Amino acid sequence: MAETKQKKPWYKRWWAIVLYVLAGLIILGNLIGEDNTSTTSNNIPVAIPEQTAVKQEEVQPEPIIVKPEAVKTYSVGDEIQAGDLKWKIAKFSTATEIGQDIMGTFLGEKADGVFIIIDVEVENTGNSAKYLMDSYLKLVDDKNREFSPNSAAAIYLKPQGSALMFEQINPGIIKKGKIVFDVPTGLKVANIRISSNLLQSNFYNVKLMI
């Protein structure tokens, strides 16, 4: 009877060992992959959405409303300090013409309406010479119409040289003169508006009852 040939144990078969080693590596690799996946899933940094830059609305500054100061009204004979010049309306008169008739020829100016002649006194209270101009004064009627001085008529005033138009006045000096306005006939109420200078809007009113 022939001897029965025994099979080698499975662990003695080299190809089986290689197979099992490969299988073990595959299983180990899967386990490591799962662990890494778990770890990665646990440590995935949460993407913080970038904060949308909130565009601040440009705040437009509110317009500065400068309320004009209440203009004080003075009377004839009051002294008014306007800048470095102190003004006083001493008196006023009216006329339809300024000049004189010489041998039948009128030499002067005739009013388109009526002339209002203002007698003024001006003192320089500053520390330096100032230029004095009749344009510092305006006449404003009750309809808020503004009239400028009529220098052409003023040069015919008597006495000669009494017109106050443009000249220099030194500190402490008081200058007297006359300023002429040509206004519509029938004007009853008006203000002489005095400005501190030509670059500012500080006004002082002297009320006239014509």
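Values quoted throughout were computed directly from the atomic coordinates according to the rules given, and no laboratory measurement underlies them. From a predicted model like this one, the values you see are computed outputs, not experimental measurements. Glycine gets a Cβ as well: all are built from the backbone with ideal geometry, and neighbour counts include every protein chain shown.
Each residue of region 106-122 was assigned a 3J(HN,Hα) from its phi angle through the Karplus expression (A = 6.51, B = -1.76, C = 1.60, θ = phi - 60°), giving 7, 10, x, 10, 10, 6, 6, x, 8, 7, 10, 9, 9, 8, 10, 10, 10 Hz with x at Gly and Pro. The ranking of 183, 206 by Cβ neighbour count inside 10 Å, starting from the fewest, reads 183, 206.
Taking label positions 7 Å along the Cα-Cβ direction at both residue 140 and residue 86, the computed distance is 2.5 nm, reported to one decimal. Note on region 148-210: Kirkwood radius taken over Cα pairs, Stokes-Einstein applied at 25 °C and 0.890 mPa s, translational D equal to 177 µm² s⁻¹.
Above 22 Å, the calculated P(r) of region 73-209 contains 36 percent of its Cα-Cα pairs.
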